[in-house]
2 protein chains.
Amino acid sequence: MKKVTMRDVAEHAKVSKSTVSQYLNKRYDYMGAETKKRIEEAIRVLGYQPNYVARSLKQKKTSTIGVIVANILHSFSTQVIRAIEDYCHEQDFHVIVCNADDDPEKERKYIEMLRAKQVDGLIVFPTGENLDLYDRMIEEKFPLVFVDRLIDQLPVRCVLLDNEAASELAVDHLADQGYRRIAIMTTSLERKITPRIERISGYRKALEKHGLEPKEEYIKSLEIPSMKEEVKNMLSLPEPPDAILAANDMALMEILSAVKDENIRVPEELAVVGIDEVSFASLFTPSITTVEQPAFLMGKEAAAMLLELTEKPERVAEKHVLRYEPSLHPRESS
Amino acid sequence: MKKVTMRDVAEHAKVSKSTVSQYLNKRYDYMGAETKKRIEEAIRVLGYQPNYVARSLKQKKTSTIGVIVANILHSFSTQVIRAIEDYCHEQDFHVIVCNADDDPEKERKYIEMLRAKQVDGLIVFPTGENLDLYDRMIEEKFPLVFVDRLIDQLPVRCVLLDNEAASELAVDHLADQGYRRIAIMTTSLERKITPRIERISGYRKALEKHGLEPKEEYIKSLEIPSMKEEVKNMLSLPEPPDAILAANDMALMEILSAVKDENIRVPEELAVVGIDEVSFASLFTPSITTVEQPAFLMGKEAAAMLLELTEKPERVAEKHVLRYEPSLHPRESS
DNA sequence: CCGGTTTACTAAATCGATTTAGTTAATGCA
DNA sequence: TGCATTAACTAAATCGATTTAGTAAACCGG
């Protein structure tokens, strides 16, 4: 049951390997009709299937790209991944997805493995800690696109949300509805992660715009497990917030869980708005007001950009920061 | 900026390529300490990184497996994929995921592409239409595991839910709560897809067990877009159901959407139970009773099984149908 | 100090394609 | 007829590793 190779096809069709290769690559320029038929026949009866590994070695390209997401638990990541996969498969590229789990060591390992596998390019939601690797890729003009997070000093393509606008949309909406004591909660504190920082700064600016004073007790970023507790704390402040902005989908889930535990009426006692669209937003009672990222578009753009770099690697180091506009879905929770 | 190869390392360290290869593969049996140091040094200063494509060609293995899911929109698929990826990455295997979109032609294309890429094995949620390809893989002893769906006549490993038990759990629970007019709704009608068929037959058997007569108006399988409409139809029957079992997560979402549109009180007017756990089940008001598949376990098992077959391909054709037990999460919606 | 063993390495074949530089035969045109 | 073209192929090098068979020197016991 050994593998059938091009050599076998060649022998069976009584031509050379070269001719078979030409045939497979549709270089029919000077190929006899008779020969063509014989090769076709040989391929059929032997059940030949090409070996892309061999071809990749020779051609120095694999038609495969890698995607390393910082944390696959975010719905945003999965939406972007789907968009990338759809686009790439359309273009006959394959995709290998890795989840760095917000761990720079894992990120390093995956970057190294994927490069060893000779992927033609990488889309990375960077943890931000492996500057040497990022630098090296850029220097080598290895096709690279960053998503969701910015590394200021690096000249590289980036696809991300206008995060300040996202918070602004949410705060504007809440302020318009008459809410004055607006809190914000987000996950992940450690490293300076772009979306978290920008969403908080956008929130501060928007408050200011509406003449509202930011209170530090209303601005919390903490790990998932302590989140519900903090919602409860906030609500038992002398002056509790009348609205909470969840800075991402995971924060939203925790807030909703706390709200249910405590039997808080939404939006009468507390308004809730989430950044990131979630599958259940409109099904919920009350339905949840959200600020949606155009995740699908962003994924598609990132993929398109990467595949383009694949053909023009000299342009890898041109810095392009593409900001996408979020959109508000006003619903019953605010 | 050309690539550094083993040859470059060898020259720089003044040894042969073979020695460098031994070094990289940690065959230190008879290697001088001095030589070792020189190679190490050369690798460092040149920034050498191995090329797995070349290695794969020689070794005839890629340390990569393919996963082809029938429809990635199901939460079950994404959970299984995550489990597979986690397990494989732990074992230093890579995973390429493809979404066949319930289209047998796409499935065929992906199977062919992945095999051309020389993946070491395939985990497939089979559409059921490409028997020739399935047959051929089994005949060639190509590592293969099926998930979620059964193809009766094929001797192959399968990982799936005890679907009849899932419906039974749901119906038992509903009957215990006093519901008598229990309906079931599911997506996808065309092909005879295992979970759909078994969940419906399990439902029928369970009804019978409880002395309830199955009514054809209560058993509906249709495409997503017409689903909401059908819920409304059902509820305006002379004798409307008092409970609906959603046979999967997508059906559940449609039912919940209809329930919200029509302002139906759950569970007073209509109880709702879903097969497949969804992220928002416990957050919802009312929280949703679900029957959970052990998706994570199933994915892990499928991956473990496949990697084992990778080492014992002679066992590919042994038929093993692994059935997993679902579990009930009783909540407020029933 | 001689034949065998052990140590430390290397040359060359190989994996399965692609590609370049030819080769041979047929054809065209003056 | 004679020389350049063109058509239809092919031989061999190549991609970057792994691996097998082999070599040469050092060692070692009798």
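The values are calculated or read from the model by the stated rules, or taken from the named source; none is laboratory data. None of the values given here were measured: they were computed from a predicted structure. A quick note on method: Cβ atoms are made from the backbone with ideal geometry, for glycine too, and the neighbour counts reach across all protein chains shown. The protein model used for the area step is the full one, side chains on, heavy atoms only, and it has no ligands, DNA or RNA in it. Shrake-Rupley method; radii C 1.70, N 1.55, O 1.52, S 1.80 Å.
Quick notes on this structure:
- Axial C-alpha extent at least 24 Å, average Kyte-Doolittle at least -1.0 - helices from chain A (DSSP): A:295-311
- Placing unit charges on the Cβ atoms of the charged side chains and taking the dipole of region B:1-95 about its Cα centre, the candidate lying farthest along the positive direction among B:71, B:50, B:83 is B:50.
- In Hz, Karplus ³J(HN,Hα) per residue of region A:287-292 (6.51, -1.76, 1.60; θ = phi - 60°; x = Gly, Pro): 5, 9, 6, 9, 10, 9
- Solvent-accessible area per residue, Å², over region A:163-293 with all protein chains present [probe radius 1.4 Å]: 39 Å²
- For residue B:147, the residues whose amide H sits under 5 Å from its own are B:124, B:125, B:159, ignoring neighbours fewer than 5 places away on the same chain, with H placed 1.01 Å from N.
- Nm distances between copies for residue A:239, ranked from closest, using label points 7 Å along Cα→Cβ: 6.2
- Only protein atoms count toward the accessible area here, which uses a 1.4 Å probe; on region A:6-50, the carbon and sulfur part of that area reaches 48 percent.
- Sequence-distant aspartates and glutamates (8 or more away, or on other chains) whose Cα lies within less than 16 Å of residue A:58: A:120
- Nitroxide proxy distance, nm - points 7 Å out along Cα→Cβ at residue A:129 and residue B:58: 3.4 nm
- Partners for residue B:14 among aspartates and glutamates (Cα-Cα distance below 14 Å; same-chain residues under 8 apart left out): B:34, B:40, B:41
- GluC sites (Glu not before Pro) within region A:209-307: DSSP coil, no more than 12 neighbouring Cβ in 10 Å: A:223, A:268
- DSSP-defined antiparallel bridges as percent of all bridges, the protein assembly as shown, nearest 5: 10 percent
- Shielded by partner chains, region A:272-303 residues - at least 40 Å² of accessible area, 1.4 Å probe, vs chain alone: A:280, A:283, A:284, A:285
- Among the listed pairs A:141/A:205; B:228/B:300; A:36/A:61; A:117/B:17; A:205/B:228, those beyond 31 Å (Cα-Cα): A:141/A:205; B:228/B:300; A:205/B:228
- Checking every one of the chymotrypsin sites (Phe, Trp or Tyr not before Pro) in region B:1-44 against DSSP loop status and a limit of 12 other Cβ atoms within 10 Å picks out B:28, B:30.
- Stretched out straight at 0.36 nm per residue, the stretch from residue B:205 to residue B:33 would grow longer than its current Cα-Cα span by 54.7 nm.
- In the B-A interface, the accessible area buried, summed over both sides, Å² (probe 1.4 Å): 4700 Å²
- Measuring from each Cβ of chain B to the axis that turns chain B onto chain A, the shortest distance belongs to B:280, 2 (residue, then whole Å).
- Antiparallel DSSP beta bridges within chain B, percent to nearest 5: 10 percent
- Region A:106-167 and region B:1-63 have their alpha-carbon centroids 27 Å apart.
- Shape category assigned to the protein assembly as shown from the gyration tensor of Cα positions, a/c cut at 1.5: oblate
- In chain A, helices alone account for a calculated mean residue ellipticity at 222 nm of -14000 deg cm²/dmol, with every DSSP H run of four or more residues adding -39,500 (n - 2.57).
- Stretched out straight at 0.36 nm per residue, the stretch from residue A:237 to residue A:101 would grow longer than its current Cα-Cα span by 45.5 nm.
- Cα gyration tensor shape for region B:183-282, rounded if a/c is under 1.5, else prolate or oblate: rounded
- Here residue B:209 is the anchor, and the lysines within straight C-alpha reach of less than 24 Å, apart from those fewer than 8 places off in the same chain, are B:220.
- Distance between the modelled labels on residue B:152 and residue B:40, one decimal in nanometres: 6.4 nm (7 Å Cα→Cβ projection).
- The heavy atoms of residue A:334 offer some 20 square angstrom of accessible surface to a 1.4 angstrom probe.
- Sorted shortest first, the separations between the residue A:319 label point and its copies elsewhere in the assembly read 6.4 nm; each point sits 7 Å from Cα along the Cα-to-Cβ line.
- Solvent exposure of region A:1-96, expressed per residue, is 58 Å² of accessible area, with all protein chains present and a 1.4 angstrom probe.
- Position residue B:225: other-copy label points at 4.8 nm, ordered by increasing distance, label point 7 Å along Cα→C-beta.
- Portion, in percent, of the accessible area of region A:91-237 that falls on carbon or sulfur, probe 1.4 Å: 47 percent
- Cα shape, chain A, gyration tensor, a/c 1.5 rule: prolate
- Each label was represented as a point 7 Å from its Cα along the Cα-to-Cβ direction; for residue A:287 and residue A:92 these points are 4.4 nm apart.
- When the trypsin sites (Lys or Arg not before Pro) in region B:1-55 are filtered for DSSP coil states and for at most 15 other beta-carbon atoms within 10 Å of their beta-carbon, the remaining sites are B:2, B:3, B:14, B:26, B:27.
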